[in-house]
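A quick write-up on the structure given underneath.
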Amino acid sequence: LSGGMKQRVNLARALAVSPDLLIMDEAFASLDLKVKVDIMNDVMRLWQQHRFTMVSVTHDLKEALYLADRILLISSRPARIIQQFPVDLSEPRIFSSPELLSLEGDLLRLVCQD
């Protein structure tokens, strides 16, 4: 199976039991852009249908902004929450929308401060 297919299988397996909580750790990091966007859209569609809590660990700011309604910036060791960053974007979210790009700039400035 390709990396994208493996991720889809992993996601299906995780969601098959109708969890209240889905934890993803760099779930989209090694995927081609098209596959990554497709799977992220699948996750968002499933979340909108089932409204489970989702925690996603990522180093990709756009990915975080696309998926999240709140982002927590975590420090290096020792890990601690530096700041909570609300994400209030209209649906459907579009990677190239001016509001997402503006929030990405704000978030990047916060990340680069530390």
> Which residues, counting only those in region 49-90, are free of Cβ contacts under 8 Å to residues at least 12 places away in the same chain, assigned to a loop (DSSP other than H, G, I, E, B) and more than 18 Å from L21 (Cβ to Cβ)?
Replying inline: S76, R77, P78, A79, R80, S90
> Among the residues of region 93-114, which ones are within 24 Å of R45 (Cα to Cα) and touching a residue at least 12 places away in the same chain (Cβ under 8 Å)?
Replying inline: R93, F95, L100, L103, E104
> Going by the conditions given, is A12 surrounded by 12 or more Cβ atoms within 10 Å (Cβ to Cβ) and aliphatic (A, V, I, L, M)?
Replying inline: no
>> Which of the numbered conditions does R8 fail, given that it passes all the others? Conditions: (1) of a type in the set (K, R); (2) under 24 Å from V111 (Cβ atoms); (3) touching a helix residue (DSSP H, G or I) at 6+ places or on another chain (Cβ under 7 Å).
In response: (2)
> When you scan region 15-31, how many residues do you find that are surrounded by 12 or more Cβ atoms within 10 Å (Cβ to Cβ) and either under 21 Å from P92 (Cβ atoms) or free of Cβ contacts under 8 Å to residues at least 24 places away in the same chain (or both)?
Replying inline: 6
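Laboratory data are not the source of any read-out in this text; all were calculated from the coordinates shown. Bear in mind that the values here come from a model prediction, so they are computed numbers and not experimental data. Cβ sites come from the backbone with ideal geometry, for glycine too, and all protein chains shown count toward neighbours.
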